[in-house]
Structure formats: C-alpha cells, structure tokens
Amino acid sequence: MDKKIEKLLITHANIDNKKECCGFIVLDNLKQLIIIPCENTYEFPSTGFRICPHEFLNIKKRYEIVCMYHSHPIGPAEFSQKDLDQADELCLPICVYSIQENNFTVRVLTFSTLTLRLIRWWVLVLPIAELFFDHRYIIEKKAGTSWNWNRGTGK
Ligand SMILES: [Zn+2]
C-alpha cells in the first residue's frame, strides 16, 4: 500500500485508539490518493464500525473511491464477517489496520462482487449500444451504403 496513505491511516487510528476508526481511500480531482475520515456511527465503536449511508453517497459523488478502511484497536488485522458484508454491499475493496499488531490487511474485490459490477455496467451500457447500432442501421439503409467511420475524405 502507498506509504503516505499508510501513515495517514495509522494517524487516524491513533486519534482515539479505543474505538475503530473508519473512512475511505479516494482519488481526488488531481488523481492523488487521499483519505476521507468518516464518523463511526456503530453502537459499539470499540468492536465494529458503520459509516452513515448519506456520508458515503456524498463522498461517492465527489470522489473516486478506491477502498474502504477501518482499524482494529485490539486483535489482529483480520476481517470480521460484518466487515466483509459491508464491503460486499458497497462493492468496494476493504482494508483494516490493527493497532495492536501495527499491520494492514487489504482485500480486493472478490469474483462475485466483480461479476455484480459487470452486470450493473452492462445493464447500463447495453441499451445505449443498441440505440447506437439501430441508428446506424437506419442511416445505412437510407443512404444505401454501409457506414464507414474512415470515409469523409471528400470523395
Ligand atoms: Zn473490522
């Protein structure tokens, strides 16, 4: 992981090292990696984390989210089932920093979350593609010639 980001995450985790910290690693407008600390709204912040959905949506609107992060004040840098469920729900890679062991674990997207992403993408792209090809077909018929992007040299 990026050394600057590691330092920032360790700093955030130690501001209140009795509670789990949480937030997102994002790309800003200049495509620089930065962190966006969030409030941990979980009932028992010493043993879990939760990010407010409104806060998540606001961040998602403004930045390209790379990874969701959080800390474990006690215990190893291993994900709990709740951690993994949250990451799957948001279709995001997740990383955890263990204060006790001073190390990180990162999990990138699993096959199922990637498939889900692809399906979402195709649902969006297919109708647009169909529209384009339909128009192309109509123009070809009217013009009595096949469409060719390389044409238009004046001949
Ligand atoms: Zn955790």
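FYI, it's all coordinate maths here, none of it is from the lab. Just so we're clear, the structure is a prediction, and the values are computed from it rather than from any experiment. Neighbour counts run over all protein chains shown; Cβ positions are idealised from the backbone, glycine included.
Structural remarks
- Cβ-Cβ distance of residue 10 and residue 61, R₀ of 30 Å, FRET efficiency by 1/(1 + (r/R0)^6): the value works out to about 0.60.
- J(HN,Hα) series, segment 46-60, from Karplus relation 6.51 cos²θ - 1.76 cosθ + 1.60, nearest Hz, glycine and proline x: 7, 10, x, 9, 8, 10, 4, x, 5, 5, 4, 5, 4, 5, 4
- Extension gain for the segment residue 115 to residue 140, taken as residue separation times 0.36 nm less the Cα-Cα distance, is 5.4 nm to one decimal.
- Nonlocal amide H pairs with residue 24, under 5 Å, H built at 1.01 Å: 36, 38, 69
- Excluding same-chain neighbours fewer than eight residues apart, the lysines reachable from residue 3 by a Cα-Cα span under 22 Å are 31.
- Put simply, the amide H of residue 46, placed in the peptide plane, has neighbours under 5 Å in 20, leaving out anything fewer than 5 places away on its chain.
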